[in-house]
Amino acid sequence: MKRKTVFIADHHREIRRAVCDFFQHHDEFRVVGEIEDGSDIIDRVAELLPDILIVDIEMPGCNGIETTRIIKDRKLPVRVLVSTMFDDPLYKARALQMRADGVIVKASLKQSLEETLGLPPLSSRRRYP
């Protein structure tokens, strides 16, 4: 089975680390890159064409909303998940208006990723065959 590739764009190193750690526990995914500034994000995504982009709504340079709009306008085959610190309906509505494929809430990062990606909770996975 081909592993899905993930690119992480967030200006907080701790969040990038937490997302990378999450995917290290899910063999069906592979992180192919990360970036802390949005100014080069479109070029990197166009170059790598990850299956999934997780982008912070408040990225410096090019924020997550604008990044989503550009990626969708260019019809890049990337599933865009916008991440936000706040579980705010206004943020979610704006991201979805720009055709984001989902919204991740950083305050409940693990659970939000599992729900958005349709993964069972890691605690329910069997460790041994």
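The values are calculated or read from the model by the stated rules, or taken from the named source; none is laboratory data. Predicted, not measured: the structure shown is a model, and the values here were computed from it. FYI the Cβ positions are ideal-geometry reconstructions off the backbone, even for glycines, and counts take in every protein chain you see.
Details
- Qualifying residue in region 57-65 (condition: among the acidic types (D, E), touching a residue at least 24 places away in the same chain (Cβ under 8 Å), under 17 Å from H12 (Cβ atoms) and crowded, with 19+ Cβ neighbours inside 10 Å): no
- Of everything listed in (1) hydrophobic (A, V, I, L, M, F, W, C); (2) in contact with a helix residue (DSSP H, G or I) (Cβ under 6 Å, 6 or more places away or on another chain); (3) closer than 16 Å to V6 by Cβ, the single unmet condition for V19 is (2).
- Within region 86-126, considering residues that are at pLDDT 90 or above and acidic (D, E), the one nearest to R74 (Cα to Cα): D101
- Meets criteria (touching a residue at least 60 places away in the same chain (Cβ under 8 Å) and either part of a loop (DSSP other than H, G, I, E, B) or acidic (D, E) (or both)) for L119: yes
- Among the residues of this structure, S108 counts as one that is assigned to a helix (DSSP H, G or I) and among the small types (G, A, S).
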